[in-house]
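Peer 1: Sharing a structure below in structure tokens format, with a few things to ask.
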Amino acid sequence: MSDLAEIWLVAIGSGVAVGLAGLLAGWLLRHRSLRWQLAVVGVVTTLTVLVGVQAISRQMLISDHDRSVVLIVTSAAAVVSLAVALVLATALVRWSQSLREEVRRVGDGGAVVAGRHGPAEFQGLASDLADANRRLAEAREREQRLEDSRRELVSWVSHDLRTPLAGIRAMAEALEDGVAVEPSRYHRQIRGEVDRMVLMVDDLFELSRIHAGQLVVEPQAISLGDLVSEAIAAADPVARARGVQLGGEVPHGLQVDADPAGLSRVLANLIVNGIRHTPADGSVHVIARPVDGGVELAVTDGCGGIADDARDRLFEVGYRGTSSRTPEGSELQDVHTARAGLGLAIVKGIVEAHHGRVAVENVPAAAGCRFRVVLPA
Ligand SMILES: Nc1ncnc2c1ncn2[C@@H]1O[C@H](COP(=O)(O)OP(=O)(O)OP(=O)(O)O)[C@@H](O)[C@H]1O
Ligand SMILES: [Mg+2]
């Protein structure tokens with residue numbers, strides 16, 4: 001065997017032996033700090049050289065002096081590489097500790113800044129963390145808003161139910177004691193109030209189904225001409241009583257795939273709102289027309305326009321324009337003037353369950369606003 005081949009064999013053999021010992025040490029230290037792993041790398045590198053030189057020098061019969069020189073040089077290299085490994089390990093440990101602190105801040109809901117220190121992997125991790133933290137903060141904020149509006153709704157609804165219930169109790173007591181001047185009027189009013197509360201409870205039930213994702217949409221081909229004329233016929237008595245002109249226009253044969261009960265409810269809510277917000281002698285107009293990728297239903301009224309900040313909130317549950325929850329006027333209200341702020345939230349829920357969208361815009365020419373519902377064809 002040639003000298004060179006022998007040197008190769010000895011170097012590889014001793015290198016593999018030291019490498020295996022290093023792997024074993026790394027495995028034993030796997031749960032320790034990163035420092036230990038890097039120290040193992042430094043020690044293995046220099047030990048490989050040391051052991052290799054030692055083995056070769058014995059076989060090559062080099063002088064003791066030469067062997068000492070080689071040993072001194074490799075020992076110095078060992079010390080330097082170990083020191084460098086430890087310095088690098090200390091830096092790595094520091095970067096990983098600052099990442100740990102960032103992670104802890106995520107848990108506490110604090111701000112995380114994507115760090116520009118450390119190796120590319122650490123920077124990537126820090127920027128992913130900052131991203132995740134931002135999304136988490138947005139989700140928390142959304143959840144908080146939802147929770148606030150739910151809490152508000154419960155207090156509003158209990159207020160809105162308590163007021164008519166107190167009225168009903170007072171009227172029932174007057175009837176019981178025989179002190180009611182006009183018993184038939186009391187009976188009518190009690191009936192009206194009960195109808196109003198039934199509507200409100202129905203709306204609440206519908207909304208809770210929408211929020212729970214349990215709204216069942218059973219689409220079928222609906223003639224929009226029939227749907228619009230039925231909705232107009234149903235609301236016409238209220239419009240007449242308020243002196244509001246109600247009309248509609250639908251191209252012949254226009255159809256849409258939708259849930260008939262859901263879409264009727266959407267249209268009825270929009271028309272009742274329009275009538276309610278249009279002054280006497282004004283008009284509410286319903287049109288349906290084909291648009292790109294679907295069908296549009298639009299209800300235009302003469303409400304005088306809606307302020308920008310209010311327009312963003314109309315579809316929120318419980319929003320009804322003012323902070324006051326007391327029914328307007330001292331007289332008990334009929335079912336068409338009842339206001340719980342649920343109508344448009346239901347409209348939005350039903351439309352979105354159909355994968356459609358609803359929006360509102362001001363129409364200065366009509367001194368009013370237009371609610372547009374677009375349903376996919
Ligand atoms: N056509 C409209 N013109 C002007 N403002 C409107 C119109 N429709 C709704 N709004 C405003 O949006 C609010 C919310 O409407 P929404 O239909 O959700 O509730 P509501 O009509 O007050 O009560 P509910 O429909 O539960 O009886 C209304 O209180 C009103 O301030
Ligand atoms: Mg309404």
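Peer 1: If you put +1 on each Lys and Arg Cβ and -1 on each Asp and Glu Cβ, how big is the dipole of the stretch 148-257 around its Cα centre, in Debye rounded to 20?
Peer 2: On the way: 11 positive and 18 negative charges, 67 e Å.
Using only the charged Cβ atoms, the result is roughly 320 debye.
Peer 1: Taking the dipole about the Cα centre of the chain, with the C-beta of Lys and Arg at +1 and of Asp and Glu at -1, give me whichever of Gln59, Leu129, Ala258 is farthest to the positive side.
Peer 2: Ranked along the dipole, the leading option is Gln59.
Peer 1: If you don't mind, another one. Sticking to Cα atoms, compute the Rg of the chain to one decimal and its Dmax as the biggest Cα-Cα distance, whole number, in Å.
Peer 2: Here Rg and the maximum Cα pair distance are 39.4, 131 Å.
Peer 1: Using the Karplus equation 6.51 cos²θ - 1.76 cosθ + 1.60 (θ = phi - 60°), what ³J(HN,Hα) coupling, rounded to whole Hz, does each residue of the stretch 268-280 give in order, writing x for Gly and Pro?
Peer 2: With coefficients 6.51, -1.76 and 1.60, one gets 4, 4, 5, 5, 4, 4, x, 4, 4, 9, 9, x, 3 Hz.
Peer 1: Take every Cα pair under 8 Å in the stretch 81-137 that's 6+ residues apart, average their separations, divide by the length, and report that relative contact order as a whole percent.
Peer 2: This gives 30 percent for the stretch 81-137.
Peer 1: Can you give the FRET efficiency to the nearest 0.05 for Leu28 and Asp148, using r as the Cβ-Cβ distance and R₀ = 41 Å?
Peer 2: Working: r = 55 Å, r/R0 = 1.34.
Between Leu28 and Asp148 the formula returns 0.15.
Peer 1: Okay, next question. Please state the charge dipole magnitude for the stretch 140-376, taken about the Cα centre, from unit charges on C-beta atoms (+1 on K and R, -1 on D and E), reported in debye and rounded to the nearest 20.
Peer 2: 260
Peer 1: I've got another one for you. Summing -39500 (n - 2.57) over the DSSP H runs of n ≥ 4 in the chain and dividing by its residue number, what mean residue ellipticity at 222 nm do you reach, to the nearest 500 deg cm²/dmol? It would help to have the intermediate numbers written out before the result.
Peer 2: On the way: 9 runs with 236 residues, N = 377.
Value at 222 nm, helices only: -22500 deg cm²/dmol.
Peer 1: Taking the Cα centre of the stretch 3-108 as origin, sum charge times position over the Cβ atoms of Lys and Arg (+1) and Asp and Glu (-1), and report the length of that vector in debye to the nearest 20.
Peer 2: So the dipole magnitude of the stretch 3-108 works out to roughly 540 debye.
Peer 1: Here's a follow-up. Could you let me know the centre-to-centre spacing of the stretch 219-253 and the stretch 153-204, using Cα atoms, in angstrom?
Peer 2: 31
Peer 1: What length, rounded to one decimal in nm, is gained on full extension from Asp177 through to Arg104, with 0.36 nm per residue of separation minus their alpha-carbon distance? Before the final figure, lay out each step's value.
Peer 2: Values: separation 73, 0.36 × 73 = 26.28 nm, distance 6.83 nm.
Fully extending the segment from Asp177 to Arg104 adds 19.5 nm.
Peer 1: Charges on Cβ only, +1 for Lys and Arg, -1 for Asp and Glu, centred on the Cα centroid of the chain; of Ala353, Leu267, Ala241, which one is farthest towards the dipole's positive end?
Peer 2: The Cα lying farthest towards the positive end belongs to Ala353.
Only the coordinates and a few stated rules stand behind these numbers; no lab work does. None of these values were measured; they are calculated from a predicted model. Methodologically, a virtual Cβ is constructed for each residue, glycine included, from the backbone with ideal geometry; neighbour enumeration extends over all protein chains shown.
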